[in-house]
Structure formats: structure tokens, C-alpha cells
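Please read the structure below before turning to the comments.
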Amino acid sequence: MSVAQTKTTINAVMHSPLRVLDPIITTAHITRNHGYMIYDTLLATDKDSKIRPQMVQDWKASDDGRTYTFKLRDGLKWHDGAPVTAEDCVASIKRWATQDKMGQLLTSEMTGMKVVDASTFQISMKEPSDLAVRALAKPSGVAPFMMPKRIADTPPTQAITQYIGSGPFKMVTAEFKPGVQVVYEKNTDYVPRAEPASGLAGGKKVLVDRVKWIATPDAMTSVNALANGEVDYLEQVPFDLEPIVSANKDITIKVLDPQGYQTVMRMNFLHAPFNNKKIRQAAMYAVGQEPVLQAVIGNPKYYKTCAALFGCEGPYASQEGADVTIKANPKKAQELLKEAGYDGTPVVILQPTDTPSVNSQPVVIGQALRAAGFKVEMQAMDWQTVVTRRAVQAPVKEGGWNIFATNNVMAEASDPLRAFGVAANGKGAWFGWPDVPEIERLRVAFSRTPDEAKRKEFAGQIQKLVIDEGVLLPMGQYYVPAAYRKSLSGALESPVPVFWNIQKK
């Protein structure tokens, strides 16, 4: 490839502006996407969800299955030129594990983690288990990104202020404008793996000089910019504008994540009225999947109703709780509210207005709850404010909340360990903080058994409890097309939008 050909920039519009830059303190997908640009992971999943080595050269289990030894690849460097060491990785795993629900479970099941030498570390478990491998390969939620020790030592409750990884791109901090643009340049020191790129695994070969994420004021502006060539790549095509994009012969439109998404509703267990189980159940019965999917997607080509909490086509698909989750049952909801003695406490629903993928669900939820007899208060804000606000545990009158809706990438919700929304360990859980010890007992049992049939049985039991307790309401599965100009080639199928392997003519 000539030098002239490599002097290229991909201009991209992502699903949300970027403001939060620490991928360990939030599950926001835009921050995770940023993480994959500049950081790397020890293990990764390929397009078939198989676990592959990434930063590690290999790993091996001890004869008793309790200790896993990980060996780093030769030549790994941080963006500042320092070598990547096992000590860096151990510090990164510790910080990640305090924030991630699967990481928390890993910590509780570990007997120790130690550095063996500059490029080797070990994780030892209480029981024979490959949980360490599965956890370090998780692709989303909070992905276990590696950072230099001095940065990874930042308290997990405090955002990092240096953005140095070992990934295929470097962040150009001087050009960062929060919520407006972020620029990445090729990391010329990055040594890709030799295998072909596949999903999030394999060789991350960067074939352009720069990638610039640009925020636009609205969806129509994004589509027009794509049509006239100001923008090369649109992460998510607005469903109502999909016919316009599809009709443009200069644009490729394609679903790059075949596993798709799941949209979910979350209630806050800490405060009234959802500190009452029957009122949570009433809310679950009140909301049906079809109205939500119609509002968010509209085109049935891109969605389906689905009871399976861990994915419709996944190995842990179950119909437990389908009578609650698929169709709305306002009559049952009204009965439960009456039994619970609901006193009219307003339900505060966080309503993001700037992000198409999450701005319709709250409206439908609000209508459904009103129809069931709830008093509802919608509070409009941008998505980044929702991301901040949902972490507030204070009472509603002091900045708290009762309901928000979001979307999971199925790759981050395909089993009871990855699915951070089903963890129910009280204030250690994801926003909403459910406290259901039996769910945690079953998650541990799932993590320890190597028997796939038993895992499926445990997953079904967990799903039944999640629905009965009102921990998380699955509101259907859907698939989002990306669009890019035909001057781009090599876009990978992946649960996370990635910019390696893409060429621009």
C-alpha cells in the first residue's frame, strides 16, 4: 500500500456523543467503543463467540483445574513506549473486577492472583473452574481493558485522567471536544496478531491514518452527511430513515452485529414505589414488548418479541416468565397495585431525548404504567445525563430515580455471568441495586459447573427469579443496520463497532 493511500481519515457518526472516557466506570456503549479504539484485552471472542488469545500468547490450566497461567505476547507496548507487563495486567484486572459484575464474581471465587515474571501471571480459584478465562474474554458490559499500572491504580470510583492503552489506535487528546468530536490516530507501534481479524479477535490491522467521531445535531443531518460524503460511516441507521439510506447506490447498509440487541427496563429497588415487590410485578405486567419495539424500531424486519433473557437463539434461551414479559396485561397490573396498596407515589422515568436508540422506550413505558394506574413523572435529559443520573442512589426528591431503559448488546447478556443486569447483590449490583441472594447463589453455581446441561438449568432458574422479582424486564430483541459509503471496505461483523481492518479508497 502506498503512503498516499494510507493518508486517510474515516469520519464516523456514532450512536451517541462521547463525554465519559473511562471504560471501567460505566457500561455506556459509546465509552466501551472508545475503549476498544485505544485499549486491548487479554482474551477476545471471535465472530462465533469462541474465546481466543489477544494480548496473551497463550494460557494453560493446572492439572487440578484451579490455577490458570497467562503468558503475554512479546513486544506489547503502551502508547507512551513502555512495555506492557504482567504487573500492569494484574492491576488492570483488579480495578476492572471491582466494577464489573462478572469481575466481582471472579474475585469472590479466587484464592489469589499473582505476578510470576514480567510477562506471566496466574489466577487461582477455590474450585476447578474456567471462570477466569470466560471473564477476561467478555466483550462488553464492562470489558476488561488493560492499562498501565500507574493508571489502573486509580480508585475505581474515580475517573482516570490519562488515556494510554496498548490498542491499535491512540487518542489525540488535543483534538478532543467532549460531546462534539474525538479523534484517533493509528498506533504505528501496534503489532497485530497473525491470525485474520474475526469478531473482536485476531489481527487488528489499522489501514487508515485517523478515525474521527463527529457528533451531529440530529439523525437527518447524519444521513444527509453520509449521502454527500462528509461522513463515511454511520454506526446506527435511524430506522425511520432506513429507506432513504437503502435507496442510495453509494452506500452499503448492513447489520454488523448478527446477535443483535435487547432493550430492557430497569426499576430502582431502593425507593418507593419499587421497594415493594408486588408493585414491581405490576410494572412488569403493564409493559408489553410489541408497543416498545414498534416505537423504537417500527420495521418488523429488524425486531422480534422474545422471552429469552439470555438471547432468543442463544444456548441459554428460556421461556420462563413469558406470560409476564411478552404481552402487556394491564388488568393484572391493576390487581397487583390494588393488592399492594399503591398510594400514588409518582414513578420518575428518566427520558433521554438526544439518542434515538433509547428515547422512545421511556415514552411507551410511561403510557403503559399510566394505563395500569401508576402516577408517572417523565424527566427529559440527554443520554449522558441519564448515564450519570442512574448511578445516583439518593431518594428521588434528592436526584434519584425510579425507572430507566437501555439496550444490551446480546454478546454482553448471553449468559447469567455476562449479563450484568441480572446480578442481584444489593448495592454491589448494577444501577437499581436489586438484592436477591438466591439469584447470586445460582450465578455462583452456574460459574462452577462444567456441565452444560446444568448451566442451562441454572440459567432457566435465574430467568424465572429475575422476572418474578422484577429485577430486569426484557422488552424484545432487535438488529441495527450500520451504513457506510462504498469507498469503505472490510467492516467486520462484531458486537462492537471496530475500525481496524477497514480500508478507505
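The values are calculated or read from the model by the stated rules, or taken from the named source; none is laboratory data. Everything numeric here is computed off the predicted structure, so don't read it as measured data. Every residue, glycine among them, receives a Cβ derived from its backbone with ideal geometry; neighbour counts consider all protein chains shown. Side chains included, ligands, DNA and RNA excluded: accessible areas come from the protein's heavy atoms. Shrake-Rupley method; radii C 1.70, N 1.55, O 1.52, S 1.80 Å.
Suppose we keep only residues that are closer than 15 Å to Pro474 by Cα and of a type in the set (S, T, N, Q) within segment 258-284. Which one would you say is surrounded by the most Cβ atoms within 10 Å (Cβ to Cβ)? For segment 258-284, the residue satisfying everything is Gln262. Residues of segment 106-143 that are polar (S, T, N, Q) and open to solvent by 40 Å² or more (accessible area, probe 1.4 Å): Thr107, Ser108, Thr111, Gln122.
Scanning segment 327-367 for residues that are under 15 Å from Tyr285 (Cβ atoms), open to solvent by 40 Å² or more (accessible area, probe 1.4 Å) and of a type in the set (A, V, I, L, M, F, W, C) returns a single hit, Ala328.
If I go through segment 455-499 residue by residue, how many of them are open to solvent by 30 Å² or more (accessible area, probe 1.4 Å), touching a Leu at 6+ places or on another chain (Cβ under 9 Å) and among the polar types (S, T, N, Q)? The total comes to 1. Evaluating Ala152 against the criteria (1) farther than 24 Å from Gln54 by Cα; (2) at pLDDT 95 or above leaves one unmet condition, (1). Scanning segment 415-459 for residues that are outside any helix (DSSP H, G or I), farther than 24 Å from Gln393 by Cα and more than 18 Å from the chain's Cα centre (by Cα) yields Thr449, Pro450, Asp451.
Pairing residues of segment 273-293 that are over 16 Å from Val376 (Cβ atoms) with residues that are among the polar types (S, T, N, Q) and open to solvent by less than 10 Å² (accessible area, probe 1.4 Å), at Cβ distances under 8 Å and at least 6 apart in sequence or on separate chains, gives Gln289/Thr325; Leu293/Thr263.
Could you please let me know if Ile403 is of a type in the set (A, V, I, L, M) and out of contact with any Pro (no Cβ under 9 Å at 6 or more places or on another chain)?
No: the conditions fail for Ile403.
Scanning segment 159-202 for residues that are more than 23 Å from Asp58 (Cβ to Cβ), in a loop (DSSP other than H, G, I, E, B) and not small (Gly, Ala, Ser) yields Ile160, Thr161, Gln162, Tyr163, Ile164, Val172, Phe176, Pro178, Val180, Asn187, Thr188. Within segment 371-391, being touching a residue at least 40 places away in the same chain (Cβ under 8 Å), closer than 27 Å to Gly288 by Cβ and in a loop (DSSP other than H, G, I, E, B) holds for Gly373, Phe374, Arg390.
Helices (runs of 4 or more DSSP H) wholly in segment 210-306 with at least 3 residues that are over 24 Å from the mean Cα position of the chain (by Cα) and closer than 30 Å to Lys186 by Cβ - which ones?
219-227
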